[in-house]
Amino acid sequence: MTTAATLHENSLLTTANAAAHDAPESPLPDGWLAVESLDIDAQGIARRPDGKVVFIEGALPFEQVSVNVHRKKNNWEAGVVTAVHHESSQRVRPGCPHFGLHAGACGGCKMQHLHESAQVAIKQRVLEDNLWHLGKVRSEMMLRPIEGPAWGYRYRARLSVRHVHKKGEVLIGFHERKSRYVADMKVCPVLPAHVSEMLMPLRELIFGMDARETCPQIELACGDDVTAMVLRHLEPLSEDDISRLRAFAQQHGVQWWLQSKGPDTVKLLDVDGPLLSYDLPEFGITMPFKPTDFTQVNPAINRVLVTRALRLLDARKHERVIDWFCGLGNFTLPIATTAGEVLGIEGSEALVARSRDNLALNQAGRSTALAPTTFAARNLFEMTPGLLVSDGTAQKWLVDPPREGAFALAKALADLHQNPAQRAGWRPPQRIVYVSCNPATLARDAGLLVHQAGYRCVAAGVINMFAHTAHVESMAVFELDPTRIPGQDAVPE
């Protein structure tokens, strides 16, 4: 099995190779480079006269730049832009004072110097390049990108905390660019405004605590009505520190959770706090969650994402649907408003338990009952054809894996396609909607589905879930092709 890290490295070079066709022919002044495109890490891609690829931080497509090279390999180099001689029309002024290439710059964003619409276009190209070069798959139709708020959207974040003795203060924020040090952030425009305004008061709070040396992290999780913060503390907190946290919570309207060790130790500071949750109003669904549970970073985009996924899935009242990697039921419960039966499968027992609780909560008081829905815990990275058959036939699948993708699931499906005798009456899904947070592993799995499992990729597109970052969220739709003969599929040359 090809790892996600290897696929990521391959995707950088395939994007660079694809960009070679766009290279300008006119000679440039000595030492200048013409930037052809942007890679998945938001680095400009250029080529030296001998064809050697150069990855350039801070450079944008169609710019002419000078670069300071800090790393050299046989077939590529990496460096940082030192001068922009011809500027892209898509270059914009960054919206955050902590963004850039200067010493101490925050590493949380990589694309603030690029216009938002151009960011989306770059991500769309990354998706298409990965599908073709890694999976040998071309989508029959490209979906219109899903876009949303580009500022104040980040309702989830993991903020590092560091008491810096030399500065005589506490820093709270993301790491500096390519560094283990915490950036000296006073604001963060991608966080909700009320959280950005809280950064300096938070620094003062932690600096005034007895435990300022032993609190390495604050995890942020915003619901529709609650702002929760999980304080990681390596030693028990004093009564004075507890009082300081309560006073801060009352003044700033936050809900404190404490984490002394692993994720299972997370608990509310005051147990009578309100419920952390978000709504999916189009489906009449409310999703309670804990601050350490996985939820989408951008709630506005998530609502549109769920709506589009369900429209593409098109589950009917006579159909059974399986939601693989279902998490809290972000897709499962909305699917239950249209399907005939739903099965949600997730690797975490704790998440499965909360999915069942969320199902019960949303069943209560509905004028129209949700479809019969069950949840099961299983390691989906160890899926086999036999386990797949044991889950029964479903006409539709929704697949939403982590960055590692759904290789074992796709491989089991391909094995059953190649060996019909193993099916024992089981039938493959007619349609699969695959939501991905890694275009490289999506492309790998798409290659299996299309070339070995009998599917066509009928649609694909990007979701700009993480504006100003190089993160590419995407979606692809696969339809079972009845003309494909098991065992006769082939990868195109």
Seminar exercise, completed: Looking across region 402-413 at residues that are of a type outside the set (D, E, K, R) and surrounded by fewer than 24 Cβ atoms within 10 Å (Cβ to Cβ), the single one that is farthest from Ala470 (Cα to Cα) is Ala412
Seminar exercise, completed: Going through region 50-75 in order, the residues found to be open to solvent by 40 Å² or more (accessible area, probe 1.4 Å) and among the aromatic types (Phe, Trp, Tyr) are Phe62
For this session: Filter region 461-484 for residues that are among the aliphatic types (A, V, I, L, M) and closer than 19 Å to Trp324 by Cα and give the result.
Result: Met475, Ala476, Val477, Leu480
Problem set entry | Filter result (under 26 Å from the mean Cα position of the chain (by Cα) and either under 27 Å from Asn419 (Cα atoms) or open to solvent by 70 Å² or more (accessible area, probe 1.4 Å) (or both)) within region 348-373 | Glu349, Arg356, Asp357
Exercise. All but one of (1) in a loop (DSSP other than H, G, I, E, B); (2) open to solvent by less than 70 Å² (accessible area, probe 1.4 Å); (3) closer than 23 Å to Val54 by Cα hold for Lys110; which doesn't?
Worked result: (2)
Problem set entry | Which numbered condition Met141 fails, given (1) more than 26 Å from Val435 (Cβ to Cβ); (2) surrounded by fewer than 19 Cβ atoms within 10 Å (Cβ to Cβ); (3) not hydroxyl-bearing (Ser, Thr, Tyr) | (1)
For this session: Taking the residues in region 420-446 that are modelled with pLDDT of 95 or more and open to solvent by 10 Å² or more (accessible area, probe 1.4 Å) as candidates, determine which candidate is nearest to Leu131 (Cα to Cα).
Result: Arg444
Seminar exercise, completed: Reported set for region 217-232 where residues are of a type in the set (A, V, I, L, M, F, W, C), touching a Ser or Thr at 6+ places or on another chain (Cβ under 8 Å) and surrounded by 20 or more Cβ atoms within 10 Å (Cβ to Cβ) is Leu220, Ala221, Val230
Exercise. Using beta carbons and a limit of 8 Å, which pairs, at least six apart or on different chains, have the first residue in region 97-123 and within 20 Å of Val80 (Cα to Cα) and the second one modelled with pLDDT of 95 or more and among the acidic types (Asp, Glu)?
Worked result: His98/Asp184; Leu101/Glu57; Gly104/Glu176; Gly104/Asp184; Ala105/Glu176; Cys106/Glu176; Gly107/Glu176
For this session: Determine if region 329-337 includes at least one residue that is of a type in the set (A, V, I, L, M, F, W, C) and open to solvent by 10 Å² or more (accessible area, probe 1.4 Å).
Result: no
Problem set entry | Residue identified as under 25 Å from Ala446 (Cβ atoms), surrounded by 18 or more Cβ atoms within 10 Å (Cβ to Cβ), of a type outside the set (D, E, K, R) and out of contact with any Gly (no Cβ under 8 Å at 6 or more places or on another chain) among Ile122, Ile146 | Ile122
Exercise. Mind checking which pairs have a first residue in region 347-364 that is in contact (Cβ under 8 Å) with a residue 60 or more places away in the chain and a second that is part of a helix (DSSP H, G or I) and open to solvent by less than 50 Å² (accessible area, probe 1.4 Å), Cβ under 6 Å, 6 or more apart or different chains?
Worked result: Asn362/Leu333
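The values are calculated or read from the model by the stated rules, or taken from the named source; none is laboratory data. As the structure is a computational prediction, the values presented were derived from the model and not from experiment. Neighbour counts run over all protein chains shown; Cβ positions are idealised from the backbone, glycine included. The accessibility values were calculated without ligands, DNA or RNA, using every heavy atom of the protein model including side chains. Shrake-Rupley method; radii C 1.70, N 1.55, O 1.52, S 1.80 Å.
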